[in-house]
1. Would you call residue 85 of a type outside the set (Val, Ile, Thr) and more than 13 Å from the chain's Cα centre (by Cα)?
2. Here are 248, 280: which of them is at pLDDT 75 or above and more than 20 Å from residue 66 (Cβ to Cβ)?
3. Given (1) within 20 Å of the chain's Cα centre (by Cα); (2) farther than 25 Å from residue 310 by Cβ, where does residue 55 come up short, assuming only one miss?
4. What residue, of 14, 50, is of a type in the set (Ser, Thr, Tyr), under 15 Å from residue 251 (Cβ atoms) and touching a residue at least 24 places away in the same chain (Cβ under 8 Å)?
5. Is there any pair linking a residue in region 180-200 that is farther than 13 Å from residue 169 by Cα to one that is among the small types (Gly, Ala, Ser) and assigned to a strand (DSSP E or B), with Cβ under 6 Å and at least six apart or on different chains, and which?
6. Take the residues of region 196-223 that are in contact with a Lys or Arg (Cβ under 9 Å, 6 or more places away or on another chain) and among the polar types (S, T, N, Q): which is nearest to residue 80 (Cα to Cα)?
7. So if I check each of 270, 317, 291, which one is out of contact with any His (no Cβ under 6 Å at 6 or more places or on another chain) and modelled with pLDDT of 80 or more?
8. Residue check: is residue 112 closer than 24 Å to residue 277 by Cβ, surrounded by 13 or more Cβ atoms within 10 Å (Cβ to Cβ) and touching a residue at least 24 places away in the same chain (Cβ under 8 Å)?
Amino acid sequence: MLGQYSLGSLALFSLMVFAALLLDLFSHKQNKAVSMRDATLWSFFWIILSLCFAGYVWVSHGSAQGMLFLTGYFLEKSLSVDNLFVFIAIFSSFSIKDELQHRVLYYGILGAIIMRLLFVSLGSAAIALFGNWALTVFGIFVLWTAWKMWQSSKGPGHHTEDYTHHWSVRLLGRIIPIAPHLDGQRFFTRYNAKLAATPLLVCLMTIEVADVMFAFDSVPAIFSIFAGLPEPIDLATQTFLVFTSNIFAILGLRSLYFLLAAANRFLCHLELAVIAILAFIGLKMLAGVFLSFHISPAMNLIIVFGLLGAGILGSYLFPEKEQKE
């Protein structure tokens, strides 16, 4: 998985992630709603932390790999926007109060880190075993995801969906009884003299399952930024950059969630930007496989960042759809 990177690089990454998670945990020991100011400051913290690691990659392994790390980071951030709107719907379905949402998201992120390691490892193994065939499947899948999002964007929004009858809820109910009420911040409680899961645990499981579904999109998409590079990078190095950029993007999702929860009605064109990014990534991957199409790491970053910025700017300049339900 390390490729051109040493155990020292992996240790630095692990130390930064572990220290940041501990800091976040101790800073939010009390169950209270996360304010806009707090979410903004923490968002800046996670971005600065990610840029510091990007700087390390840039200095130690060159500007090309630094650009690739940043592209993967911003790509994952972009794709996460639509995912966070689903999280808003999940919290609403289970009536989870604002002051408990950070607790659910914190443990959800811990689970997501483990699952992303698994998905990145599987993606890397698929490319190693099947080469261009795997990249072709990844490219088609990313384009299919963009198409499905485009179709969905013309119908009712994700936030209208009720997740209380999601298949993951029914599965959990077969394993352990589910209490009909919350018990403070606990994930388990006593109900009818039996150990039971609270709606907080049910909500956490639903979010974890949703994140697994999202990983099917984001992991192939991030691997695709390495397709058709002018100077190919070995697969082990790709895997390290994909995993680290993915995790740094995930670490900032909690703060980004609380910002989007307050601003989602004003970001009416952001989903279209995510669709455009997915379409670009899928087409670029297929062009790299069949046409040997080359695009520089810097251009990758410019296009992804530009499309995301266009979605935000477009939402500000043309807010007609903000009342769309």
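The values are calculated or read from the model by the stated rules, or taken from the named source; none is laboratory data. In this text the structure is predicted, and so the values were computed from the model without any measurement. For neighbour counting, all protein chains shown are included, and Cβ atoms are generated from backbone atoms with ideal geometry for every residue, glycine included.
1. Criteria not met by residue 85.
2. When all the criteria are applied, what remains is 280.
3. Result: residue 55 fails condition (1) only.
4. Residue meeting the stated conditions: 50.
5. Hits for this filter: 189/196.
6. Looking at the filtered set, the residue picked out is 218.
7. None of the others qualify; the one that does is 317.
8. Taking the combined requirement at face value, the residue satisfies it.
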